[in-house]
Amino acid sequence: MELPPVVTETEWRAALDSLRAKEKEATRAGDALAAERRRLPRVRIEKEYVFDGPDVKLSLLDLFAGRRQLLLYNFMFGPNQDEGCDGCSMVVDQIGHLAHIHARDTSFVLVSRAPVAKIEPYRRRMGWTIPWVSSFESDFNVDFG
């Protein structure tokens, strides 16, 4: 591995200042993109989607669990896989207690195309308690890309 050069403090400070300016530009661009995402128009969902939970079938409305908003994370875990996506797994590992999300009248649910029979052993192995449903018998994923 080739390490960066050793430079004077003045050169290092100039490089750091340049990097910080680029980081601020990237942050502003990300903020603008997030604002644009929040302004996307809405669509009424009239189709009856059914998801499989560990012990019950659930409608899309059920996933809200009586709250005003729903965050639905599309966890990449397909019916032909034995384990969930490494990247998705790292994301879920970083999610804290859902009480903070619930306090904002929002529910959070993972959804995957794998059947519940594959999801549940993986969820238990990972030690996650976040609600996770299967869209295996639904065209939810196809409809929402």
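Of the residues that sit in the range 23-46 and are exposed (fewer than 10 other Cβ atoms within 10 Å of the Cβ) and among the basic types (Lys, Arg), which one is farthest from the chain's Cα centre (by Cα)?
The qualifying residue farthest from the chain's Cα centre (by Cα) is ARG44.
Looking for something in contact (Cβ under 8 Å) with a residue 60 or more places away in the chain, more than 24 Å from ARG38 (Cβ to Cβ), touching an Asp or Glu at 6+ places or on another chain (Cβ under 7 Å) and open to solvent by 70 Å² or more (accessible area, probe 1.4 Å) - is there at least one such residue anywhere in the range 53-60?
yes
Answer yes or no: is there a residue in the range 106-122 that is loosely packed, with under 11 Cβ neighbours inside 10 Å, under 19 Å from the mean Cα position of the chain (by Cα), modelled with pLDDT of 95 or more and of a type in the set (Lys, Arg).
Within the range 106-122, not a single residue is loosely packed, with under 11 Cβ neighbours inside 10 Å, under 19 Å from the mean Cα position of the chain (by Cα), modelled with pLDDT of 95 or more and of a type in the set (Lys, Arg).
Return yes when LEU16 is within 18 Å of the chain's Cα centre (by Cα) and open to solvent by less than 80 Å² (accessible area, probe 1.4 Å) and no when it is not.
It is false that LEU16 is within 18 Å of the chain's Cα centre (by Cα) and open to solvent by less than 80 Å² (accessible area, probe 1.4 Å).
Identify the single condition in (1) farther than 18 Å from ASP82 by Cβ; (2) in contact with a Gly (Cβ under 9 Å, 6 or more places away or on another chain); (3) among the charged types (D, E, K, R) that GLU137 does not satisfy, given that it satisfies every other one.
The one condition GLU137 does not meet is (2).
If you check ASN141, ASN74, which single one turns out to be open to solvent by 70 Å² or more (accessible area, probe 1.4 Å), out of contact with any Phe, Trp or Tyr (no Cβ under 7 Å at 6 or more places or on another chain), closer than 22 Å to ARG42 by Cβ and in contact (Cβ under 8 Å) with a residue 40 or more places away in the chain?
Testing whether each residue is open to solvent by 70 Å² or more (accessible area, probe 1.4 Å), out of contact with any Phe, Trp or Tyr (no Cβ under 7 Å at 6 or more places or on another chain), closer than 22 Å to ARG42 by Cβ and in contact (Cβ under 8 Å) with a residue 40 or more places away in the chain leaves just ASN74.
The values are calculated or read from the model by the stated rules, or taken from the named source; none is laboratory data. As the structure is a computational prediction, the values presented were derived from the model and not from experiment. Methodologically, a virtual Cβ is constructed for each residue, glycine included, from the backbone with ideal geometry; neighbour enumeration extends over all protein chains shown. Note: accessible area is taken over every heavy atom of the protein model, side chains too, but ligands, DNA and RNA are not part of it. Shrake-Rupley method; radii C 1.70, N 1.55, O 1.52, S 1.80 Å.
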